[in-house]
Amino acid sequence: MVGALTSSQKPWHKAKASFTDKRGDSRLNKVKKIPLRTCVVTKEVLPKKALVRICATKEGVVSIDLNGKAPGRGAYLKLSKEVILLAKKTKALDKKLETQVPDDIYEELLKLAHE
């Protein structure tokens, strides 16, 4: 036979595919990204779990959001006594949340910082 292809010349004859998805990424070596957030007082970029979220709703109700999923405008704060007192002094949370933060929120934050 003239013009016949041998098995090594056939275009569909290739090496076995490895365990990769359509984009070529290996699912076994996937590294999960850690979400980062910025503290409103220190401007440090830290992992989301190292910070606490303070949330303000459209009605102006301010609360501490430990799960990080409450609706409304949020601001992240490092749980340190010095940072919390500085936030109260400079009114950094008031500016970021665009509402007045009550003193009892700062007291709750200080309790959380001691735990």
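Laboratory data are not the source of any read-out in this text; all were calculated from the coordinates shown. Since we're looking at a predicted model, the values are computed, not measured.
Between residue 106 and residue 36, full extension at 0.36 nm per residue minus the direct alpha carbon distance yields a gain of 22.9 nm.
Shape of the stretch 34-114 from its Cα gyration tensor (a ≥ b ≥ c, root eigenvalues): rounded if a/c is under 1.5, otherwise prolate when a/b > b/c, or oblate? Since a/c stays below 1.5, the shape of the stretch 34-114 is classed as rounded.
Once you have the Cα-Cα distance between residue 48 and residue 95, take 0.36 nm times their residue separation minus that, and quote the gain in nm to one decimal.
Values: separation 47, 0.36 × 47 = 16.92 nm, distance 2.08 nm.
Once the chain is fully extended between residue 48 and residue 95, it gains 14.8 nm.
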